[in-house]
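Undergrad: Pasting in a structure now, in structure tokens, and then I'll have a few things to ask.
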Amino acid sequence: MSVNLYPYGLEQNPFPSSPTPTIHDARVLGGKRHREARDAIVACIDDLYSKLKAKDGNYDSRDFRLVTVVQDIGSGKTHLALHIKSTRDDVICSYVDLSTISPKSMHGLFSSILRGFDSEYVEHLRSTIVGEIKRRAMEGNKHARKFFRPSLFFSNIERLADDVMKGKREPDFRYLNHALADMDIDMDEYELLVIKKIVENRFTDVSDLSSLEDMLSFLASLARINQRFLSKITVIEIDEFDSNMDSIEFVKAIINAHLPSTIVLLITTPSVYDSIRSISPSLFDRLEKANYKIDLVGSSTFDEIADIALEYIRKNVKDLRFSIHESDITGKIRVVYDEFIEFRNIRSLLNILYHAMEIAARRSDKVLSEEAIEEAIKQAYPGLRVRGSLMNVPIAEYMRIRREHSSIDALEHGVKQAVKNLLALMQEHGKISRVEYDTAINSISADAVYMDANMKRVGVMVILGKDYASMKDLYHEGISVDRLLVINNIGSNSSNGAVFVSIDKYKIADLIYFSQRYSKKEITDIDVEKALLLARSITLH
């Protein structure tokens, strides 16, 4: 059974289909600005590790770091945070999206931070702690043995520890503190509570922790345990930070607490950041003094977005020659980016590229084609039209017209035919009369000559791609028309009686779109009204 490959020999679609970043998608990080932001966070992590190493793992209140990421919606802040969480194996990371928490209470925020840690991490920590106690028990430590509650008939520590890990046996926590003390690990009541919850598989059950002091002590204890048992620092990523008072007070408390061997990554928008200035000057002061302040300005520029898109392919493609296709893909992305502000957001562009890849795979295309992109826009954004278009041209049709008329000769031919079809429609509706096509006016070849509503003889010429100097003397004394209309793409002007009407690329699209529908007899009554307005816009009547 043959399987259709995606363009460039890809076995799967490299682009994400989710409207918001996911952990899986975030493993790919493209764009110069985003990589610089990533490197700043990595530098913060490395700096904290170097300080801990210098102190041989002993930490104090100075081993806390604050990083702020402030930028507009759609700039890639969430993607950056999830990238750190999904790719840095040397940190224990919790990701919290405050927009998903309701109601926002301090206890709710605290609980969400605990739920933001991966279940794999909790299980690994549980296994490490139980494994360390098991090791000491098997070495003969009496407190460690009593922790597993051996009996006269069942004293196999290996199996007892396995039952504890599987939740089949509850250990005796009265001996936990002594067992840890025998390992030269001194723990306070909160650290013992953290371990108890982890071993009992109740890590996120914090109903017994209600005060702010309890919550902060629990987080500090967890950070110390991560460092002691896993030799890793803790990263708490708080996304969609807002100006809710409980959010503000809780984050301020975390910063003031200086959680040991911990980095807090705070993500918000400029508007929220500014509002905090007036709502909580004390928190604003702390944020202004962050160890690292990351600004993703420029994250929506073309170069940034194009590199992000290319990086998804680079990470998945096996063909080492793929780089030869990068300029071609970049050019196709630029058309979409330059023409339509709707696709200057990375998520919107990635969505189009995802659908385009699916279409290209069904067509067995070897490369990502303009046709696939056009079809993707047509399917994913069927109601999207060119802004200001009189004929309400769909964006996909605009791109097709632009592609099919890429040369100046093809473009001029298309506009000439469009003007002729427009004049034919006007004659059908009594706006003009006596239309002649491709006729000579004295020695000048005109595309059409007609009589307007005032019985004035009008000549029309379509001349694209020529400068004004080469056209300004077209009209001369004795020419047998009352008005010579020159449709061009260089600028509007009048010279020697000739009227120059400039049409931009959107007006050209209007004309050709109308012309093609007219030729296929697809013009509706509403289209007729729009077409007559189009004719008036280029002074045909």
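Here, each number is a calculation from the coordinates, and none is a lab measurement. Owing to the predicted nature of the structure, the values given are computational and were not obtained by experimental measurement. With ideal geometry, Cβ positions are generated from the backbone for all residues, glycine too; neighbour counts draw on all protein chains shown.
Undergrad: Would you calculate a helix-derived [θ] at 222 nm for the chain, using -39,500 (n - 2.57) for each DSSP H run of n ≥ 4 and dividing by the full residue count, to the nearest 500?
TA: One gets -15500 deg cm²/dmol as the mean residue ellipticity at 222 nm.
Undergrad: Between Glu249 and Arg362, 0.36 nm times their residue separation minus their Cα-Cα distance comes to what? Present the calculation step by step, with values, prior to reporting the outcome.
TA: Working: separation 113, 0.36 × 113 = 40.68 nm, distance 5.35 nm.
Taking Glu249 through Arg362 to full extension adds about 35.3 nm, to one decimal.
Undergrad: Tell me whether the stretch 118-202 comes out rounded, prolate or oblate; compute the Cα gyration tensor, take square roots of the eigenvalues as a ≥ b ≥ c, and use a/c under 1.5 as the rounded threshold.
TA: Values: a/c = 1.73, a/b = 1.17, b/c = 1.48.
It is oblate, given that a/c is not under 1.5 and a/b is not larger than b/c.
Undergrad: What list of ³J(HN,Hα) values in whole Hz, one per residue of the stretch 214-225 in order, does the Karplus curve 6.51 cos²θ - 1.76 cosθ + 1.60 (θ = phi - 60°) give from phi, with Gly and Pro shown as x?
TA: Per residue, the Karplus-derived 3J(HN,Hα) values read 4, 5, 5, 5, 5, 5, 5, 5, 4, 5, 5, 5 Hz.
Undergrad: About its Cα centre, how strong a charge dipole does the chain have in debye, to the nearest 20, once Lys and Arg get +1 and Asp and Glu get -1 at the Cβ? Present the calculation step by step, with values, prior to reporting the outcome.
TA: Numbers: 72 positive and 79 negative charges, 115 e Å.
Dipole size: approximately 560 debye.
Undergrad: Are there any chymotrypsin sites (Phe, Trp or Tyr not before Pro) in the stretch 123-185 that are in a DSSP loop and have at most 13 other Cβ atoms within 10 Å? List them by number. Please report the intermediate quantities before stating the final value.
TA: Numbers: sites: Phe147, Phe148, Phe153, Phe154, Phe173, Tyr175; in loops: Phe148, Phe153, Phe154.
When the chymotrypsin sites (Phe, Trp or Tyr not before Pro) of the stretch 123-185 are filtered for loop state and at most 13 Cβ neighbours within 10 Å, Phe153, Phe154 remain.
Undergrad: Another question about this same structure. So which lysines pass the test for Lys431, namely a Cα distance under 17 Å, with those fewer than 8 places away in the same chain ruled out?
TA: Cross-link targets: Lys420, Lys456, Lys530.
Undergrad: Shifting gears a bit: Give the lysines reachable from Lys318 as a straight Cα distance under 20 Å; neighbours fewer than 8 places away on the same chain don't count.
TA: Lys366
Undergrad: Please compute the modelled spin-label separation between Arg314 and Arg159, points set 7 Å along Cα→Cβ, answer in nm with one decimal.
TA: 5.6 nm
Undergrad: Provide Thr268, Thr100 in ascending order of the number of other Cβ atoms located within 10 Å of each residue's Cβ, fewest first. Present the calculation step by step, with values, prior to reporting the outcome.
TA: Values: Thr268 24, Thr100 9.
Neighbour counts put them in this order, fewest first: Thr100, Thr268.
Undergrad: Something else about it: Given H placed 1.01 Å from N in the peptide plane, which residues other than close sequence neighbours of Ile432 have an amide H under 5 Å from its amide H?
TA: Close amide H contacts, sequence-distant or interchain: Gln427.
Undergrad: Remind me, what semi-axes does the stretch 300-382 give for its equivalent ellipsoid, largest first in whole Å, using sqrt of 5 times each Cα gyration tensor eigenvalue? All intermediate terms of the calculation are to be shown ahead of the outcome.
TA: Working: eigenvalues 70, 55, 21 Å².
After diagonalising the Cα gyration tensor, the semi-axes are 19, 17, 10 Å.
Undergrad: Also: Could you tally the net charge around Met106, taking each other residue with its Cβ under 12 Å from the Cβ of Met106, Lys/Arg +1 and Asp/Glu -1?
TA: Values: positive: Lys104, Lys252; negative: Glu213, Asp214, Asp246, Glu249.
Summing Lys and Arg as +1 and Asp and Glu as -1 gives -2.
Undergrad: Nearest 10 degrees is fine. How inclined is helix 32-54 to the longest principal axis of the chain, computing both from alpha carbons?
TA: So the helix axis and the longest Cα principal axis differ by about 10 degrees.
Undergrad: Kindly flag which residue pairs out of Lys85/Lys134; Lys315/Lys505; Lys32/Lys85 have an alpha-carbon separation exceeding 26 Å in this structure. Each step should come with its number before you reach the end.
TA: Values: Lys85/Lys134 31 Å; Lys315/Lys505 37 Å; Lys32/Lys85 20 Å.
Check vs 26 Å cut-off fails for Lys85/Lys134; Lys315/Lys505.
Undergrad: For Ile233, which sequence-distant residues (separation of 5 or more, or a different chain) have an amide H within less than 5 Å of its own amide H, given hydrogens modelled in the peptide plane?
TA: Ile92
Undergrad: What are the aspartates and glutamates whose alpha-carbon lies under 16 Å from the alpha-carbon of Lys168, with same-chain residues fewer than 8 places away excluded?
TA: Lys168 reaches Glu123, Glu158, Glu200.
Undergrad: What are the ³J(HN,Hα) values, in whole Hz, obtained from phi via the Karplus relation 6.51 cos²θ - 1.76 cosθ + 1.60 with θ = phi - 60°, for each residue of the stretch 391-396 in sequence order, with x given for Gly and Pro?
TA: Karplus-based 3J(HN,Hα) across the stretch 391-396 equals 8, 6, 5, x, 4, 5 Hz.
Undergrad: Report, by chain and number, residues whose modeled amide H sits under 5 Å from the one on Asp447, excluding near sequence neighbours (fewer than 5 apart, same chain).
TA: Amide H to amide H, under 5 Å and 5 or more residues apart or across chains, Asp447 pairs with Val460, Met461, Val462.
Undergrad: Which of the GluC sites (Glu not before Pro) found in the stretch 95-167 are in a DSSP loop and have at most 16 neighbouring Cβ atoms, other than their own, within 10 Å? Walk me through the numbers on the way to the answer.
TA: Details: sites: Glu120, Glu123, Glu132, Glu139, Glu158; in loops: Glu139.
In loop regions of the stretch 95-167 (DSSP not H, G, I, E or B), the sparsely surrounded GluC sites (Glu not before Pro) are Glu139.
Undergrad: For the stretch 70-81, take each phi angle, set θ = phi - 60°, evaluate the Karplus expression 6.51 cos²θ - 1.76 cosθ + 1.60, and give the result in whole Hz per residue in order, putting x for glycine and proline.
TA: 3J(HN,Hα) across the stretch 70-81, in whole Hz: 10, 6, 5, 4, x, 8, x, 5, 5, 4, 4, 4.
Undergrad: Taking the Cα centre of the chain as the origin and placing charges on Cβ (Lys, Arg +1; Asp, Glu -1), which of Ile263, Thr128, Val91 is farthest toward the positive end of the dipole?
TA: Thr128
Undergrad: Given a cut-off of under 8 Å on Cα pairs at least six residues apart, what relative contact order in percent is computed for the chain? Show your work: numbers first, answer last.
TA: Details: 801 pairs, mean separation 92.8, N = 541.
Relative contact order for the chain comes out at 17 percent.
Undergrad: Which of Ser369, Asn316, Ala306 sits farthest toward the positive end of the charge dipole of the stretch 300-382, with +1 on the Cβ of Lys and Arg and -1 on the Cβ of Asp and Glu?
TA: Sorting the options by dipole projection puts first Asn316.
Undergrad: Could I ask something else about it? How much length would be gained if the chain were fully extended between Ser17 and Asn201, taking 0.36 nm per residue of separation minus their Cα-Cα distance, in nm to one decimal? Before the final figure, lay out the partial values.
TA: Details: separation 184, 0.36 × 184 = 66.24 nm, distance 3.45 nm.
Roughly 62.8 nm would be gained on extension.
Undergrad: What's the exposure ranking of Arg334, Arg136, Arg35, Arg321, going from fewest to most Cβ atoms within 10 Å? Please report the intermediate quantities before stating the final value.
TA: Working: Arg334 13, Arg136 20, Arg35 16, Arg321 9.
Least to most surrounded, the residues fall as Arg321, Arg334, Arg35, Arg136.
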